[in-house]
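Have a look at the structure below before the remarks.
The values are calculated or read from the model by the stated rules, or taken from the named source; none is laboratory data. Keep in mind that what you see is a predicted model, and the values were worked out from it rather than measured. All Cβ positions, even for glycine, are placed from backbone atoms using ideal geometry, and neighbour counts span all protein chains on display. These area figures cover heavy atoms from the full protein model, side chains too; ligands, DNA and RNA do not enter into them. Shrake-Rupley method; radii C 1.70, N 1.55, O 1.52, S 1.80 Å.
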Amino acid sequence: MTGIPVFPSWNTAEMVEGIRRAWDDDQPVLLLNPAMARLGPVADWLASAVEPGRGRPDGFQALLMTSGTTGEARLVALDRTSVAWNADTVADHLDLPTDGSLLVRLHVPLFHAFGLALAFFAGERCGGRHALVPRFDPEGLVRWLAGDAPKAAPGPGPEPRPGPVPGPDDHLLLPLVPAMVRSLPAVDRLPGAVRRRLEGLRGTSITGGDRVTQADMQALSALLPGMVHTVGYGLTEAGPALTHTSRTDPRIPGVDGLAGRPLPGVELQPPETGAAVGIDPGEAAVSTSVSTSASTSATATAAAAAAAGSASASRGWLFRSPGQAAALLERGSPVWRSVRGAWLPTGDLLESVPGEDGLLQVVGRASWCFKRKGETVSPVLVEEALARAFREVHGASLTRTLVLGPEGETLVLQVEGPPDPAIESALDSASRSLPSFLRPERIAWVDRFPRNALGKVVRDSEVPGSRGARTHF
């Protein structure tokens with residue numbers, strides 16, 4: 001690939017050193033999910049993407065593939081300005097120490113901007129250390145937090161070494177996604193010595209990459225009560241850090257989907273406002289005629305919030321950021337396109353948190369929405385309402401993942417895992433608390449939902465209600 005270093009792998013020591021060399025030598029580096037790199041069409045596209053003469057920006061560029069949630073997958077180029085702004089802004093916002101006490105647990109993939117910019121580079125630029133882990137393992141994380149240093153893998157090769165373990169003087173930076181939090185053991189199931197060890201840890205966690213619930217933060221706060229737990233929002237490789245909660249915000253948010261306030265310099269636009277001033281997110285057109293800055297977006301009107309859930313929100317809110325990607329390349333396009341300073345789609349639906357000065361919450365993704373009885377429905381809200389009602393009816397939390405969607409005129413609820421009559425009965429009772437037009441009419445059991453590298457469910461436009469589905473409600 002014309003001399004550009006390519007790392008189609010999960011976190012390895014070789015990958016870390018390659019990123020450092022690219023930064024020091026002011027050269028590009030391509031970081032890929034190995035599963036995606038093995039796909040023929042993707043490999044062909046990437047081979048042509050790095051050819052000379054395609055207009056790729058000069059100097060250091062972290063080339064990352066997006067997940068395609070705002071359309072087709074794209075390559076984005078995070079240059080030195082992008083990476084430095086994201087790493088430094090989040091580090092300053094969270095008051096991360098620069099005295100060498102920072103210890104970053106690198107278990108989120110470096111081929112995503114969350115792991116690369118907000119974990120690895122934030123730690124590097126603060127003078128911290130890191131504990132490199134190839135893949136996230138909940139039991140391994142708890143053992144590591146409790147002071148158990150795993151032994152290095154035998155044999156040759158640059159295998160990652162998870163040490164050092166956090167000590168009493170360390171400030172731990174723990175990047176997490178909700179799927180990771182939900183896989184951790186409940187604190188009351190841990191031995192007393194482990195609980196006491198975890199209670200003594202200090203530092204900061206960032207949970208992002210997907211919609212965070214109150215239950216996620218409650219579980220995390222119970223497990224690590226001595227740490228400050230924050231929520232970050234970006235959900236796009238092209239703008240990895242957009243909003244964040246502060247260290248002084250309540251550790252357990254009062255709403256699901258809390259995203260925090262815009263970081264300094266970040267601008268956000270509701271989709272209807274963008275359309276009104278001629279912003280075309282499909283073309284990432286540059287517009288300076290209307291700007292919802294960090295201060296003014298903090299007082300977004302109820303009308304703007306309603307617009308975020310309207311049918312016109314086909315691609316979600318728009319953003320501009322000093323740390324957004326320098327350029328992007330779409331499949332089929334002959335050249336990289338500069339997007340620095342352009343409005344880009346987030347793919348997400350946001351709303352202001354009632355009664356809170358400037359706090360925003362994620363209420364779903366535009367690509368998931370569907371029309372139902374004349375209303376635009378964000379299924380994640382209905383799924384969470386069902387899970388909450390299930391807990392009230394059944395007296396226990398629902399451990400199965402739910403995905404709601406239409407199949408023609410029928411509203412189908414998919415439930416992950418083997419069929420369970422008790423769950424069916426409880427979901428039946430829980431659905432009665434919903435408005436009639438939101439009640440699922442069919443249930444389909446799915447062995448396992450497809451998930452991406454961060455553990456997020458990949459929602460298909462088709463609901464497999466015909467496979468093993470049984471009419472129930």
Expected sort for 26-35, 360-369, 417-426, 233-242 on mean C-beta neighbours within 10 Å, highest first, is 233-242, 360-369, 26-35, 417-426
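Could you order peptides 222-230, 327-335 by the average number of other Cβ atoms within 10 Å of their residues, highest first? Intermediate results must be reported in sequence, preceding the final value.
Values: 222-230: 19.3, 327-335: 15.4.
Averaged packing, sorted descending, gives the order 222-230, 327-335.
Give the accessible surface of the range 366-418 per residue, rounded to a whole number of Å², with probe radius 1.4 Å and ligands, DNA and RNA excluded. Present the calculation step by step, with values, prior to reporting the outcome.
Details: 2490 Å² over 53 residues.
Per residue, the range 366-418 has an accessible area of 47 Å².
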Principal axis dimensions, the range 383-437 - Cα atoms, whole angstrom, descending | 33, 26, 17
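How much of the accessible area of the range 327-403, probe 1.4 Å, is carbon plus sulfur, in whole percent? Mind showing how you got there, number by number?
On the way: 1640 of 3330 Å².
With neighbouring chains kept in place, the figure for the range 327-403 is 49 percent.
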Rounded to 5, the percent of DSSP beta bridges in the range 1-88 classed as antiparallel = 40
Ordered by packing density, taken as the mean number of other Cβ atoms within 10 Å over each peptide's residues, highest first, how do 393-400, 167-174 rank?
-> 167-174, 393-400
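Would you tally the net charge around Glu356, using a Cβ to Cβ cut-off of less than 13 Å, leaving Glu356 out, and scoring K and R as +1, D and E as -1? Each step should come with its number before you reach the end.
Values: positive: Arg261; negative: Asp249, Glu351, Asp357.
Neighbour charge sum, excluding Glu356 itself: -2.
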